[in-house]
1. So, in the stretch 247-288, how many residues would count as being open to solvent by less than 60 Å² (accessible area, probe 1.4 Å) and within 22 Å of Glu107 (Cα to Cα)?
2. Among (1) farther than 23 Å from Asp169 by Cα; (2) open to solvent by 20 Å² or more (accessible area, probe 1.4 Å), where does Val65 come up short?
3. For the structure I just gave you, tell me whether Ile222 is within 18 Å of Thr122 (Cα to Cα) and not in a loop (DSSP other than H, G, I, E, B).
4. Can you tell me which condition Leu168 does not meet? The list is (1) in a helix (DSSP H, G or I); (2) of a type outside the set (S, T, N, Q); (3) open to solvent by 60 Å² or more (accessible area, probe 1.4 Å), and all the others hold.
5. So, in the stretch 289-302, of the ones that are open to solvent by less than 50 Å² (accessible area, probe 1.4 Å) and in contact with a Pro (Cβ under 8 Å, 6 or more places away or on another chain), which residue ends up farthest from Ile154 (Cα to Cα)?
6. Take the residues of the stretch 186-234 that are polar (S, T, N, Q) and in contact with a Lys or Arg (Cβ under 6 Å, 6 or more places away or on another chain): which is surrounded by the fewest Cβ atoms within 10 Å (Cβ to Cβ)?
7. Given the residues Lys272, Lys238, which is the only one that is closer than 18 Å to Phe121 by Cβ and touching a residue at least 12 places away in the same chain (Cβ under 8 Å)?
Amino acid sequence: MKFVTVQQNNESFVGVVNSENTKVLLLNPTEEARGGSATFPTTIQECIALGDPFIDQVQILLDWVETSGQAEMYYLPIEEFTLLAPIPRPTKNIFCVGKNYVEHALELGSAEDIPEHVMVFTKAPTTVTGPGTVVLNHQSVTKQLDYEGELAVIIGKKGSGIKKEEALDYVFGYTIINDVTARDLQAKHKQFFIGKSLDTTCPMGPWIVHKSLIENPNHLHIETKVNGEVRQSSNTEKFIFPIEDIISVLSAGMTLEPGDIIATGTPAGVGKGFNPPRFLKPGDQIEIFVESIGTLTNTIEE
């Protein structure tokens, strides 16, 4: 299952995307009219919080639609909607893992910069924007806007002190994030929060892929293109800290909750890593592909 948040006529809806990514089945608050017995919440965070019963009810609905002979009536063309970020307004800051690929740590420093422990910073909820949107260039405050393509984990149930061997049981699904960064602000303020938290600098999407569709999240190809040129190309098998480690470390003394978002780090090939640096310019298009999920595309404000 691939879950989206879509907007139409200023109303937002949670939906399920078909296998061809061309149509959306909306999860209306009442499903009796379509053969279902469930009532679905109106936000994806509320849906995620329901846990496995939510997935079970969605499957019941999908099965009914499939056997009804009226699937064309219930699945609506995706182009009729505006795709929002799958979680348009996170309830917390986005957790972000820094320097989680050896090559990325090296391109921004030296072997001494390869972390021995999980390195975490956060991005404010106001950074989030959806697929296909324009990322503000913030030229009044930064001259060094950079891209970072990343796999993101969506937490599915509440937990603390989570053991590594149980960590993936706490995952709801996966999506893509572009951790857009103002490198000059990052350097100026030392701590990353300001340079990572400018408005619209966390494009997310295009959907959340349920964990049942991804056999091994620590073995996915990831690629970033800028104006069609491949800048980043790697695989999550190169994580220094796999997802199980990240969840275990974050939850040690801190409770993770349904809908929490964890960006797992970016591979080598960011703009700052080139000599000379290749920062983003107005009008640039960034495409981030993650295997088994899809492609997140955004452009920089002109």
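1. 15
2. (2)
3. Details: within 18 Å of Thr122 (Cα to Cα): no; not in a loop (DSSP other than H, G, I, E, B): yes.
No, not satisfied.
4. (3)
5. So the first thing to find is which residues in the stretch 289-302 are open to solvent by less than 50 Å² (accessible area, probe 1.4 Å), and the list is 290, 293-294, 296-300.
Those left that are additionally in contact with a Pro (Cβ under 8 Å, 6 or more places away or on another chain): 294, 296-298, 300.
Values: Gly294: 16, Leu296: 16, Thr297: 20, Asn298: 21, Ile300: 26 Å.
Result: Ile300.
6. Checked the stretch 186-234; the qualifying residue surrounded by the fewest Cβ atoms within 10 Å (Cβ to Cβ) is Ser197.
7. Lys272
Condition check ((1) part of a strand (DSSP E or B); (2) of a type in the set (D, E, K, R); (3) in contact (Cβ under 8 Å) with a residue 12 or more places away in the chain) across all residues:
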position	(1), (2), (3)
Gly253	no, no, yes
Pro267	no, no, yes
Pro277	no, no, yes
Pro282	no, no, yes
Ile288	yes, no, yes
Ser292	no, no, yes
Thr295	yes, no, yes
Asn298	yes, no, yes
Glu302	no, yes, yes
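The values are calculated or read from the model by the stated rules, or taken from the named source; none is laboratory data. Everything quoted here is computed from the prediction, not taken from an experiment. Neighbour counts are summed over all protein chains in view; Cβ atoms, including those assigned to glycine, are modelled from backbone coordinates with ideal geometry. The protein model used for the area step is the full one, side chains on, heavy atoms only, and it has no ligands, DNA or RNA in it. Shrake-Rupley method; radii C 1.70, N 1.55, O 1.52, S 1.80 Å.
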